[in-house]
Amino acid sequence: MTPKAFEVGDMVLQENVSNTTTRDELKGKFEPNWVGPYIIMEAHGRGSYRLSTLDGEVLKNPINAIHLKKYHI
């Protein structure tokens, strides 16, 4: 499997962390699987990326590429 590579400025969707197999009882099957879109702000080594919202708010923690997918308009 080839690792995903994104560039600064790409728009991506992030995997919905609350919609995993370890979710609590309040989460349901009708939650979206992906959230976003976000913009790649920085590319760190080893497939780690810093994201921001469309409003320019930078997310606190970097996200690994395995939890991202390209957003197509």
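For this structure, a couple of remarks:
- Under 14 Å, Cβ to Cβ, from E7 - net charge with Lys/Arg +1 and Asp/Glu -1: +1
- Around the amide H of Y71, modelled in the peptide plane, lie the amide H atoms of M11, V12, L13, all under 5 Å away and 5 or more residues distant in sequence or on another chain.
Since every read-out is calculated from the coordinates, none of them should be taken as a lab result. From a predicted model like this one, the values you see are computed outputs, not experimental measurements. Glycine gets a Cβ as well: all are built from the backbone with ideal geometry, and neighbour counts include every protein chain shown.
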